[in-house]
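Okay, so here's the structure we're looking at.
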Amino acid sequence: MSNHSTSRLSWNDFSLRRGGLKGEDLARVDPFVQEALSENKRNGLRLAVRTRWIALAVIALLIPFLNPTWEALYYEAAVGVFALVGWAQLRAGQVAQSRWELFLIFVDLALLTFIMVFPNPLRGEVWPTAYQFELGEFAYFYVFLAAGTLAYSWRTIVAFGTWTTGLWLAALALVVLFGFEIPELSQNAAAAFAGYERIANTIDPNDPGTPERIQEVIVFIIVAGILAVNGHRNNKLIFRQANIARERANLARYFPPSIVDEMAGRDQPLGAIRSQNVAVMFVDIVGFTRMAEKQSPEEVVALLRQFHARLESQVFEHHGTLDKFLGDGLMATFGTPEPSPADAANALGCGRAMLADIEDWNLARKNAGAEAVKVSIGLHYGPVVLGDIGSERRLEYAVLGDAVNVASRLEALTRTLGVAMVTSDDLAFAIRRGDDADAVEVMSGLVDAGHQQLRGRDEPIKVWTC
């Protein structure tokens, strides 16, 4: 009897639920996660840089409106530098951690901090350092944070918030300790608002407003943390989507692409237990043990890979399901997961195509001085039970029933009868009653071999040979 694995509990889901491997490690072991993360990063980074450029263009138009003086050219030049840094980030972006990419992010934040703290060299008048620091331009950090969430991982967003906080607090400390002051401005403000001490302190040009600056970074890091949580959630969605792609690829190893598409669009689970008629095929290499004794392990593996590749191609081309490889052979079914009137004819057509393909292969092997490969095929049509077997930790989609055993026995019968393929009369009858217009052609060449006794069965069955 047979089963083929369509596992329902993926290893990646297992590790994610237990908080095992981190995303970067998972990407290294799962090509589907790697591809999903790469595609997400490429698209996100392109979108982030384009968004940055649009935002910078808007800011460039806003600057002259807010500051219609020559000193605005300094800020316009800074906008151009930020645009170039964005281009560099686009070139440096990759899924794995990149020190160059992190450096460019830090350059963004450090440059923005510098512009907000240090005097504009084009400004004609001298201001207290604290006055420029408290002008309320911290909001521009949110522009870079928002764009970063489109491209960077949640860990990078946390670093973004941490670095911004560190730079802003360091700038505050420099202003407090070494900032340039104009004491008479504070005296004038105090005199102008005598009796209103709180207002006077708020507008004091020499006061950097330490509580307000601390409030800015606390709110910023809260926002960055919220965005990082959302980024972590999005990463999990990417992993789940990658698992779906991986499971679909696993299905493609057993089913032809058309059936994979059909199964992927079904609302009902594949593993629902049911009984139906299917055609079952067993294929084997005759005398494989003797052949393997004459070859090195590497040559044996190469032989099997070529052999399996040829058989697999024919199974899928004839709308069959590759149930599993059996060492030097395989088991395939026709009519799973969904039956059709042409299943029996497809199975016989597949068997004939396999024999023709192996014959062509043997011609090439003969020219290369290699031994010919002889195959044996057994085909039967009958009822089987389909469904999941196993435990909650490991499920496999199984094809069970007497039809599987009969097909296996028919393959073994080929050696007794000295033929390449033996089919049951049940399969021949299913072909004749099917609606395949080519049924007569498919049946041509079959020889009635009468009733044959199969091992493990009380009654002989009628068979046909080819």
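The values are calculated or read from the model by the stated rules, or taken from the named source; none is laboratory data. Predicted, not measured: the structure shown is a model, and the values here were computed from it. So basically every Cβ, Gly included, is an ideal-geometry build from the backbone, and we count neighbours across all protein chains shown.
Per-structure values
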| read-out | value |
| --- | --- |
| Y152 modelled with pLDDT under 90, part of a loop (DSSP other than H, G, I, E, B) and crowded, with 19+ Cβ neighbours inside 10 Å | yes |
| Set A190, A194, A224: member being assigned by TED's automatic domain parsing to the domain that holds A110, closer than 23 Å to F103 by Cα and not β-branched (V, I, T) | A224 |
| Answer residue from region 118-153, given it is of a type in the set (V, I, T) and out of contact with any Leu (no Cβ under 7 Å at 6 or more places or on another chain) and is farthest from F180 (Cα to Cα) among those | V143 |
| For E338: the one exception among (1) at pLDDT 90 or above; (2) assigned to a loop (DSSP other than H, G, I, E, B); (3) acidic (D, E) | (1) |
| Filter result (within 22 Å of F141 (Cβ to Cβ) and part of a helix (DSSP H, G or I)) within region 202-220 | T210, P211, E212, R213, I214, Q215, E216, V217, I218, V219, F220 |
| Residue within region 74-94 that is part of a loop (DSSP other than H, G, I, E, B) and at pLDDT below 85 present | yes |
| Complete set of residues in region 360-382 that are free of Cβ contacts under 8 Å to residues at least 40 places away in the same chain and basic (K, R) | R365, K366 |
| Residue match in region 175-184 (condition: more than 29 Å from A110 (Cβ to Cβ), out of contact with any Lys or Arg (no Cβ under 6 Å at 6 or more places or on another chain) and either in a helix (DSSP H, G or I) or assigned by TED's automatic domain parsing to the domain that holds L112 (or both)) | yes |
| Any hit, region 88-103, residues being under 21 Å from L61 (Cα atoms) and touching a residue at least 12 places away in the same chain (Cβ under 8 Å) | no |
| Enumeration of residues in region 39-77 that are among the small types (G, A, S) and without any contact (Cβ under 8 Å) to a residue 60 or more places away in the chain | A57, A60, A72, A77 |
| Unmet requirement for T336, which otherwise passes all of (1) farther than 18 Å from I377 by Cα; (2) surrounded by 16 or more Cβ atoms within 10 Å (Cβ to Cβ); (3) out of contact with any Leu (no Cβ under 9 Å at 6 or more places or on another chain) | (3) |
| Residue, modelled with the highest pLDDT, within region 104-137, restricted to residues that are polar (S, T, N, Q) and part of a helix (DSSP H, G or I) | T113 |
